[in-house]
Amino acid sequence: MTTASPADGASVPSSASGGGGPVAGRPEINWTMLLLGFAGMVVGQFMAILDIQIVAASLPQIQAGVGASADEISWIQTAYLIPEVVMIPLSGFLSRLWGTQRLFMVSCAGFVLMSVATGLSNSIEAMILFRAIQGFVGGAMIPTVFAVAFTAFPPDKRVTASVVMGLIVTLAPTVGPTLGGHLTEWLSWRWLFFINVGPGILVLFLVGRYGAFDKGDPTLAKGFDWWGLGMMATFLMSMQFVLEEGAKNDWFQDTHILLLTVVAAVAGPMFIWRSLTYHQPIVELRAFGNRNFLVGFIMTFIVGFALFGGTFLLPLFLGRVLAYSSSEVGTTMVVSGLAMFATAPFAGRLVRKLDARILMFGGFMMCAYGMWEARLVTENWGFWEFASVQAFRGIGVMLAMIASQQVTMATLPPHMVKNASGLVNLARNVGGAFGLAILNTSLTTNTALHMVELTSAINQGDQAVRGLIAGMAQRFGDTIDPAASAMKAVYGILMKQATTMAFGDAFALLGVMCAGAAFVTLLAQPVKAQAGAPPSDVH
């Protein structure tokens, strides 16, 4: 079966089932249409992932702009992520129902409209609402690109498509704080959202004209699993809320966190049972019967942990400890993005020649080394010390990401790819959420522990300590209580040191996680890029 392209009438193959079968290897493939349509989707995917982190370095400016409290402003990111995790796995079903082109265009149009609405908002309540809708509709642009790369391209071209996707997935959240910081300084925080308009129009044109990759199957609407959708949404949104808000609310000491944890613990198994027993489930879980997919799913989870965790820790340290401005944070963070960009072409060549397990192992070990090196961070570190850490992390994450994509998707039959793509992208996002929750808790707990250690080690009867306090008291001689001001200053010095040590512990934790992941890669079966045959039907 073929569908006529709106561009020039050329035929682009699709499956008879309407589920979006591959055009790979067919004589009638139109490369111009395929590449332009795929390029449009890649730009859309970049926008959707970039918007997760683009506000990270500019939250203080947004807070001042809309008059939000410190607790409220964190919802600018949380409101985007919670509904997004529902759309990512749901997109596989919607893509088979409507077709990839229609789903992607609806997603992009909604994303752009909500971006403008968010940028025009004058209250935190309106911003949170529009960001939630933006995250939900934009979530469909992320996994559909993966599905097209592994179904629309011939086997010998999939590595190139995979490199492009790996670059987007790793680069977008890394350059997000950099781009966001500079935009806020040059223009205003509202341009963090207005910037999506131009690329969004380009995406709509390219995908609308060249993106007829497959044809939808309207019969899938009959017997739609509303119960399964409700269980999935309840489970994923409850879990995401707990992970995003748990650390700041002292976890199970908070009634809402405890309640939603119980809800997630109940809804999760119910959703899995429903997916395994319903004749037409929202998410097809049979892909987990494929050993490489299971290992790749775990690897992608850990890549998300390392990717989002590293992107979270470094800007936070630069702002909290070194008091960097948004643009200074962006300039320091750019090294990681440059390292990923430079690595991508070499990673594509290596994945064609080497066992993907070797690349995954090497990538995770490089990332582990970079994070372990950062455990020695001090307040005296400058650009070049951070550059070394980011270079190792950036190269390692890029190698691990591209290799894990090959391991995860290469042995799946084409009809499983759309659902599997949603699951893989969900793994990365949830891995990032787990990473941020664990790192936030680690920072809070270890800062308190180090503060206790430092204060207990100080003997106020010590001559040097007494001299320090006396000297500070003289400096604050024009205050009402110089001695109290001096003690407050000493406390600030100790708190800064304790915070720095806690960041070192968090970087070390990331390093250990990446090193552990390196050895899990050895459980995968050998996979090499194939030049001729389609993916094998491994169940």
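Values quoted throughout were computed directly from the atomic coordinates according to the rules given, and no laboratory measurement underlies them. Quantities reported herein were computed from a predicted structural model and do not represent experimental measurements. In this analysis, Cβ positions are derived from the backbone assuming ideal geometry, glycine residues included, and neighbour counts consider all displayed protein chains.
DSSP loop (so not H, G, I, E, B), at most 14 other Cβ within 10 Å: list which chymotrypsin sites (Phe, Trp or Tyr not before Pro) in the stretch 201-301 pass both filters.
PHE224, TYR278
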Within 14 Å, Cβ to Cβ, of SER238, how many net charges do the neighbouring residues add up to if Lys/Arg are +1 and Asp/Glu are -1?
-3
All-pairs Cα distance distribution in the stretch 225-279, expressed in whole percent, bin size 10 Å:
28, 45, 21, 7, 0
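Find out how many positive minus negative residues lie around VAL164, taking Lys and Arg as positive, Asp and Glu as negative, among other residues whose Cβ is under 11 Å from that of VAL164. Don't skip to the end; give the middle numbers.
Details: positive: LYS157, ARG158; negative: none.
Residues close to VAL164 contribute a combined charge of +2.
If r is the Cβ-Cβ distance from SER123 to PHE288 and R0 is 45 Å, what FRET efficiency results, to the nearest 0.05?
Details: r = 44 Å, r/R0 = 0.97.
Using R0 = 45 Å, I get an efficiency of 0.55.
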Arrange LEU183, LEU426 by Cβ neighbour counts within 10 Å, fewest through most, would you?
LEU183, LEU426
Full-stretch length increase - THR32, THR441 - with 0.36 nm per residue and alpha-carbon distance subtracted:
142.3 nm
Within 12 Å, Cβ to Cβ, of ALA420, how many net charges do the neighbouring residues add up to if Lys/Arg are +1 and Asp/Glu are -1?
+1
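Tell me, what does the Kirkwood hydrodynamic radius of the stretch 127-253 come to in angstroms if you use every pair of distinct C-alpha atoms?
Working: mean 1/r = 0.0539 Å⁻¹.
That comes to 18.6 Å for the stretch 127-253.
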Estimated FRET transfer efficiency (GLU379, ALA515; beta-carbon r; R0 22 Å; 0.05):
0.25
